[in-house]
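First the structure, in the form of structure tokens, and then the observations on it.
Since every read-out is calculated from the coordinates, none of them should be taken as a lab result. In this text the structure is predicted, and so the values were computed from the model without any measurement. Note that we place each Cβ from the backbone using ideal geometry, even for glycine, and neighbour counts take in every protein chain shown.
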Amino acid sequence: MKENILFIIMTLGIVTIASCQNNVDKKVIQPNDTIQLTESLKQEDLAVNEYLTNELKPIRENFKRLNSIENWTQIKVTELWESTEGGEAKYYFQNKNLKKIITHHFGETFQKLTEYYLKDEKLSFVFEKSYKYNRPVYYDSSAKEENNDIEKFDFEESEIIEERSYFNNGKLLHQLNNQDCGSPFANDYLLEEQKRLLTKFEKLIKLEKTK
């Protein structure tokens with residue numbers, strides 16, 4: 001199955017379009033390119049509104065600074081098997097200090113990239129980007145006919161979801177979702193998201209220390 005995904009990754013492509021009228025990226029596919037989600041490199045965070053501008057400024061500056069680093073002291077790679085097609089975690093160190101973690105998960109119906117950025121040894125920013133496929137990657141024309149379906153796997157029909165989460169001293173200050181046009185979320189929802197993201201982050205920290 002993993003070979004099927006790799007073949008698809010090498011034969012399809014991406015082009016960027018706008019979503020929700022807020023300049024958050026959404027993508028559709030063009031031939032002869034790649035659908036592999038790639039890490040943020042030499043990028044600035046996308047400020048889509050003026051909410052909490054001063055509070056978010058140092059978080060965004062840290063994101064930009066870390067993505068400008070070209071020569072890392074060490075990059076450790078660990079395999080992950082939390083999804084059907086596996087994945088990996090990459091740990092980026094500068095002078096023995098962990099600065100960011102990138103995870104990439106593959107599944108039969110999705111692909112997800114998550115970037116964790118640290119500031120003063122604490123979680124500062126999380127960028128999650130995922131493709132939700134319209135059908136499993138192995139669902140070809142034959143499968144479509146056998147199941148009397150109206151669709152086969154078509155990356156152009158995939159849903160793209162992007163979420164940006166901003167932390168300060170272990171508290172989730174703000175979250176942006178490209179499907180919600182940047183509107184502030186309720187406090188209860190932010191608390192749930194804070195728990196979810198910190199739990200994943202702490203699990204990755206523990207995993208690195210066991211390697």
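Hey, can you rank 98-106, 156-164 by average C-beta count inside 10 Å, highest first?
Taking the mean over residues of other Cβ atoms within 10 Å, the ranking is 98-106, 156-164.
Net charge near Asp149, counting Lys/Arg +1 and Asp/Glu -1 over other residues with Cβ under 12 Å of its Cβ? Walk me through the numbers on the way to the answer.
Details: positive: Arg135, Lys144, Lys152; negative: Asp140, Glu145, Glu146, Glu151, Asp154.
Around Asp149, the charge tally is -2.
Go through segment 65-73 residue by residue and turn each phi into a ³J(HN,Hα) via Karplus (6.51, -1.76, 1.60, θ = phi - 60°); whole Hz please, and just put x for glycine and proline.
Here the 3J(HN,Hα) series is 4, 5, 6, 8, 6, 9, 10, 8, 4 Hz.
Explain nothing, just compute: Karplus ³J(HN,Hα) = 6.51 cos²θ - 1.76 cosθ + 1.60, θ = phi - 60°, for every residue of segment 164-179 in order, whole Hz, x for Gly and Pro.
Once θ is set to phi - 60°, the couplings for segment 164-179 become 10, 10, 10, 10, 9, 6, x, 10, 7, 7, 7, 9, 10, 10, 5, 9 Hz.
Rounded to whole Hz and in sequence order, give me ³J(HN,Hα) for segment 112-117 from the Karplus expression 6.51 cos²θ - 1.76 cosθ + 1.60, θ = phi - 60°, writing x for Gly and Pro.
With coefficients 6.51, -1.76 and 1.60, one gets 9, 10, 10, 10, 10, 10 Hz.
Using packing as a proxy for protection, rank 110-121, 169-180, 184-195 so that the peptide with the highest average count of other Cβ atoms within 10 Å comes first.
On the way: 110-121: 19.0, 169-180: 16.6, 184-195: 12.9.
Top of the packing list down: 110-121, 169-180, 184-195.
Which value in nm describes the separation of the simple spin-label points at Ser142 and Ile75, placed 7 Å from the Cα toward the beta carbon?
The two pseudo-label positions are separated by 3.8 nm.
What does the charge count around Lys209 come to, taking other residues whose C-beta lies under 15 Å from its C-beta (Lys +1, Arg +1, Asp -1, Glu -1)? Before the final figure, lay out each step's value.
Numbers: positive: Lys76, Lys96, Lys203, Lys206, Lys211; negative: Glu121, Glu202, Glu208.
Net local charge, Lys209 excluded: +2.
Do you know the relative contact order of segment 95-211, to the nearest whole percent, from alpha carbon pairs under 8 angstrom that are 6+ apart? Before the final figure, lay out each step's value.
Details: 186 pairs, mean separation 21.0, N = 117.
Reported relative contact order: 18 percent.
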